[in-house]
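Worksheet: the structure to be examined is printed underneath.
Derivation of every value follows stated rules applied to the coordinates shown; laboratory data play no part. Owing to the predicted nature of the structure, the values given are computational and were not obtained by experimental measurement. All Cβ positions, even for glycine, are placed from backbone atoms using ideal geometry, and neighbour counts span all protein chains on display.
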Amino acid sequence: MSESLATEAKSLFKSIRITLAVSGVIALIAGIVLLVWPVKSAVIVTGIFATYLVIAGLVYIGLGIFSQKKGGWARVGHIALGLLYIVAGVIAFANLGAAAATLALVVVIFIGISWIVDGVVSLSLLGQDGSRVWTLLYALLSIIAGIIVLFSPLYAATVLWLVFGISLVVLGIVQIVRAVTLGKDSKDFASATGADRVS
C-alpha cells in the first residue's frame, strides 16, 4: 500500500515539477521577448487578436446562417456582427503596426476611465465605509492615476508593456525555482509518509 503511495507521490511531484518548469520557461521567454522587442511582440499580440476576430466573425456568420431556431432579427444580428468582426480583423491584418498602437491606446484609455469611475464610486461610498481615510486616499489616487493615464496614453501604454514584460520575467524565474526546489518537498513528503522506508 505504502509502495503504491510512494509511486503516486513521485509521479505527482514529477508532473508538478514539469508543469512548473515549462510554464516558468514560457513566461521567462515571453517576458524577455516583450522587453527586448516590444514593438514586434505588440505586433504579434495584435496579429493573434486579429486572427481571433476573423474566426469569431466566421462563427457568428455560421450561427446566423445555420441556426433555424432563432428569429429573423437574431440571425441578421449574428451575421452583421460576424461581418463586423471579420472587417475589423482584416483591417488589423492590413496594418499590424498601426493596429497594435491603436489597440494599446484603447486598452490604456479604458484602464484610465475605469480608474476614474472606480475612484468616483469609492467617493460615493465614503460615508458608509468604516475606514474613511483609506477610502478617500484610494479614491483620490485612483482618480489622479486615471487622469494621468488619459492625458498621456502613449507613455502609459509603454510603461504598462514594460511592467508586463518585467512581471513575466520575474514570474518565470520564480516558477523555475519552484520546479527545482519541489524535489526537496517530494523527499520530505516521502519521508513523512514512510514511503522511503519501503523502497
Backbone HN-Hα couplings from phi across the range 152-167 [Karplus 6.51/-1.76/1.60, Hz, Gly and Pro as x]: 9, x, 5, 5, 4, 5, 5, 5, 4, 5, 5, 4, 4, x, 4, 4
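Quick one: how many lysine pairs does the range 2-193 have with C-alpha atoms less than 30 Å apart and a gap of 8 or more or different chains? Give me the count, please.
So the count of such lysine pairs works out to 4.
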Computed E for Thr7/Ser131 - FRET, C-beta separation, R0 30 angstrom, nearest 0.05: 0.05
Note, ³J(HN,Hα) from phi for the range 88-101, Karplus 6.51, -1.76, 1.60, rounded to Hz, x at Gly and Pro: 4, x, 5, 4, 5, 5, 4, 9, 5, x, 5, 5, 5, 5
Mean projection area, nm², convex hull over Cα of the chain: 20.0 nm²
Dipole of the chain, positive end: most advanced residue of Ile91, Tyr60, Ser152 [Cβ charges, Cα centre]: Tyr60
Theoretical ellipticity at 222 nm over the chain - DSSP helices of four or more residues, -39500 (n - 2.57) apiece, nearest 500: -32500 deg cm²/dmol
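Would you mind calculating the relative contact order of the chain from Cα pairs under 8 angstrom and at least 6 residues apart, reporting the percent as a whole number?
37 percent
Quick check: residue separation of Thr158 and Thr51 times 0.36 nm, minus the Cα distance between them. What number comes out in nm? Before the final figure, lay out each step's value.
Values: separation 107, 0.36 × 107 = 38.52 nm, distance 2.37 nm.
Using 0.36 nm per residue and subtracting the Cα-Cα distance, I get 36.1 nm.
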Paramagnetic label zone (point 7 Å from Cα along Cα-to-C-beta, Leu141; backbone N under 13 Å) in the range 110-126: 119
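Mean shadow of the range 78-158, computed from the convex hull of its alpha carbons, in nm²?
Projected area, direction-averaged: 7.5 nm².
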